[in-house]
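Worksheet: the structure to be examined is printed underneath.
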Amino acid sequence: MTSIAVTLGDPRGIGPEVALRALDLWRVEQPGADVILIGPTELRPAGVLYVDVGSWNGGETEAGRVSSDAIRRGVELALAGEVQSIVTAPVHKPALRAAGWDVPGQTEMLQRLTGVERVGMLMAAERTSLGGPLRILLATTHLPLREVPDRVTEDLLVEQSTLLESALKQDWGFEAPRLALCALNPHASDRGLFGDEEARVFGPAVRRLADRGVHIEGPLPADTVFQRALRGAFDAVVAPYHDVGMAAFKTVSFGTGVNVTLGLPFVRTSPDHGTAFDLAGRGEADPSSMLEALTLAHRLAQARFDTTLSRG
């Protein structure tokens, strides 16, 4: 049996309420699930295992502190083997910065706390509005668009694609995952008419991966590759930059999408939305994505850590 730690995120946002609502719904399906909530003193619910990270005074710096302290404590529990997965509610990046964390987001924070060399940001929806699953790895994440061409290197594409293949084998149970590499330029540059990255960077990366036995096709145009994945041609797509992947992903998976961090010694998932301060406390926040994050964390942790279960 695997255990899950849930960090409540920024106390000013919808994270705490969607976490509690999703947990109530999830426990109907998993009544014996072992879950630990982690957050500030003021949010402690009754009847739930809870790790208290101290009081929050209402300010932004303190919101960042309790948010980051919850993540830190969750990582400590996971590295000690007390939990096998962490589900993180949304945090506010400026609050993290105010609290002293100079990182783009939780993915990079988790990398720093665990000391792993490489991580990947995988957006996973096991069900979408079109029916089939869609999994998109963002090879680069929170960068200005003008920096993307310089940051998308052959080595990066090989690294991220290798992380993805390993995760699909280890946690999803695919024996030979089928990957697609999304191009950078329109129409995959149409043989160099709209840029040379496909020939100079993407093509060599695909050849290196193929030589390693990775089943990958590309570079493929962004305007067709995601539709092909939704139809079952690929198990996952590697997108070169944030918005080309996220625009396609959220169009078909809003409310069912989950952020999965690859490369960690434990499973980490998160809902695909932000803090939504404008909705907090109104009882209108949708817990669907958090419910999916709990469900997927439980499934992946069982696949990775419970060797008595069959792989699917």
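The values are calculated or read from the model by the stated rules, or taken from the named source; none is laboratory data. Remember, it's a predicted structure, so these values are computed and weren't measured experimentally. Note that each Cβ is placed from the backbone with ideal geometry, even for glycine, and that neighbours are counted across all protein chains shown.
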G58 being small (G, A, S) and either within 24 Å of P265 (Cα to Cα) or in a helix (DSSP H, G or I) (or both): no
Just checking, does region 142-165 include any residue being within 28 Å of M290 (Cβ to Cβ) and part of a loop (DSSP other than H, G, I, E, B)? yes
Could you say which residue among V66, V35, V83 is over 25 Å from A303 (Cα atoms), surrounded by 14 or more Cβ atoms within 10 Å (Cβ to Cβ) and assigned by TED's automatic domain parsing to the domain that holds S289? V66
Can you report the number of residues in region 246-293 which are of a type in the set (G, A, S) and either on the phi > 0 side of the Ramachandran plot or within 14 Å of the chain's Cα centre (by Cα) (or both)? 11
Counting just the residues of region 236-256 that are assigned to a loop (DSSP other than H, G, I, E, B) and touching a helix residue (DSSP H, G or I) at 6+ places or on another chain (Cβ under 6 Å), which one comes out nearest to D171 (Cα to Cα)? T256
Here are the criteria: (1) out of contact with any strand residue (DSSP E or B) (no Cβ under 6 Å at 6 or more places or on another chain); (2) among the hydrophobic types (A, V, I, L, M, F, W, C); (3) in a helix (DSSP H, G or I). Tell me which single one A188 does not satisfy. (1)
In region 107-148, which residue that is among the polar types (S, T, N, Q) and closer than 29 Å to E197 by Cβ is farthest from the chain's Cα centre (by Cα)? T128
Just to verify a result, which residue in region 92-102, among those that are in a helix (DSSP H, G or I) and not hydrophobic (A, V, I, L, M, F, W, C), is surrounded by the most Cβ atoms within 10 Å (Cβ to Cβ)? K93
Across (1) in a loop (DSSP other than H, G, I, E, B); (2) modelled with pLDDT of 95 or more; (3) of a type outside the set (S, T, Y), L300 clears everything bar (1)
Within region 137-161, residues being touching a helix residue (DSSP H, G or I) at 6+ places or on another chain (Cβ under 7 Å) and within 17 Å of L209 (Cβ to Cβ) number 8
Please go through region 43-61 and pick out each residue that is without any contact (Cβ under 8 Å) to a residue 24 or more places away in the chain and of a type in the set (D, E, K, R). R44, D52
Just a yes or no: is a residue in region 211-229 of a type in the set (G, A, S) and under 26 Å from A297 (Cα atoms)? yes
Qualifying positions in region 103-138 - β-branched (V, I, T), under 23 Å from A78 (Cβ atoms) and either in contact with a His (Cβ under 7 Å, 6 or more places away or on another chain) or not in a loop (DSSP other than H, G, I, E, B) (or both): T107, T114
Which pairs have Cβ atoms under 8 Å, sit 6 or more apart or on different chains, and link a residue in region 173-190 that is touching a residue at least 40 places away in the same chain (Cβ under 8 Å) and in the same structural domain as E126 (by TED's automatic domain parsing) to one that is surrounded by 20 or more Cβ atoms within 10 Å (Cβ to Cβ) and among the hydroxyl-bearing types (S, T, Y)? L179/S161; L181/S161; A183/S189; L184/Y241
Selection from region 229-243 of residues among the aliphatic types (A, V, I, L, M) and within 9 Å of L138 (Cβ to Cβ) yields V238, A239
Only one of (1) in a loop (DSSP other than H, G, I, E, B); (2) in contact with a Pro (Cβ under 7 Å, 6 or more places away or on another chain) is not met by V48, so which one is it? (2)
Scan R282, R304, R299 and give me the residue that is without any contact (Cβ under 8 Å) to a residue 60 or more places away in the chain, under 19 Å from R135 (Cβ atoms) and not assigned by TED's automatic domain parsing to the domain that holds L193. R299
